[in-house]
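Let me begin by presenting the structure, written as structure tokens, before commenting on it.
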Amino acid sequence: MPETRLEREKRTVQVMVELYCRDHHHPEATLCPECQELLDYALGRIAACPFAADKPTCARCTIHCYRPEKRARIRQVMRYAGPRMLWRHPLLALQHLIDGRRRPR
């Protein structure tokens with residue numbers, strides 16, 4: 001069964017947070033509490049997105065549902081992990097770039 005747009009968005013965020021945490025905070029397999037909290041928050045926001053299956057990437061969204069401090073933290077994570085995704089998860093990175101071209105209806 002093909003992966004839905006929201007499932008892929010959740011997986012992308014998870015991989016980015018794991019990459020950032022491993023390189024900055026916690027080199028073991030588990031996330032540090034700060035990054036786990038950020039991931040839980042991001043996954044909750046994705047699940048509650050009013051655009052559902054038509055959801056664009058958060059950077060291109062017309063509604064910013066993240067609180068300002070969480071938005072700054074996720075932006076920091078994505079700026080770090082985004083370029084590294086091309087080497088570590090090229091298919092997921094490419095799909096994310098394609099999804100970034102999508103605008104909400």
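Compute the length gained on full extension between Asp40 and Arg11: take 0.36 nm times their separation in residues and subtract their Cα-Cα distance, giving the result in nm to one decimal. Intermediate results must be reported in sequence, preceding the final value.
Values: separation 29, 0.36 × 29 = 10.44 nm, distance 1.22 nm.
Extra length from Asp40 to Arg11 when fully extended: 9.2 nm.
Taking only protein heavy atoms and a 1.4 Å probe, the accessible area of the chain is 56% carbon and sulfur. Taking the Cα centre of the chain as reference, the dipole from Cβ charges on Lys and Arg (+1) and Asp and Glu (-1) amounts to some 580 debye.
Give me the accessible area per residue for the chain, probe 1.4 Å, as a whole number in Å².
Values: 6690 Å² over 105 residues.
Result: 64 Å² per residue.
When the Gaussian network model of the chain links Cα atoms closer than 10 Å, the mean-square fluctuations of Ile46, Ile63, Ile74 top out at Ile63. The GluC sites (Glu not before Pro) of segment 27-105 that DSSP puts in a loop, and whose beta carbon has at most 13 other beta carbons within 10 Å, are Glu28. Is segment 38-94 best put as rounded, prolate or oblate by its Cα gyration tensor, with a ≥ b ≥ c the root eigenvalues, rounded for a/c under 1.5, and otherwise prolate when a/b is larger than b/c, oblate when not? Oblate shape, in that a/c is at least 1.5 and b/c is the bigger or equal ratio.
Cα axis of helix 33-47 to longest principal axis of the chain: angle in degrees, 0 to 90, nearest 10? Helix 33-47 and the main axis of the chain meet at about 10 degrees. As an equivalent ellipsoid, the chain spans semi-axes of 21, 16, 12 angstrom, where each value is the square root of five times an eigenvalue of the C-alpha gyration tensor, largest first. Spacing of the modelled spin labels on Arg88 and His24, each 7 Å from Cα toward Cβ, amounts to 1.2 nm.
Computed from backbone phi, the HN-Hα couplings of segment 77-89 come to 4, 5, 5, 6, 7, x, x, 6, 5, 4, 8, 8, 9 Hz, rounded to whole numbers (Karplus: 6.51 cos²θ - 1.76 cosθ + 1.60, θ = phi - 60°; Gly and Pro given as x).
Of all the options Ala53, Ala72, Ala29, the one that moves most in a Gaussian network model of the chain with Cα springs shorter than 10 angstrom is Ala29.
The values are calculated or read from the model by the stated rules, or taken from the named source; none is laboratory data. Since we're looking at a predicted model, the values are computed, not measured. In this analysis, Cβ positions are derived from the backbone assuming ideal geometry, glycine residues included, and neighbour counts consider all displayed protein chains. These accessible areas exclude ligands, DNA and RNA; they are computed on the full protein's heavy atoms, side chains included. Shrake-Rupley method; radii C 1.70, N 1.55, O 1.52, S 1.80 Å.
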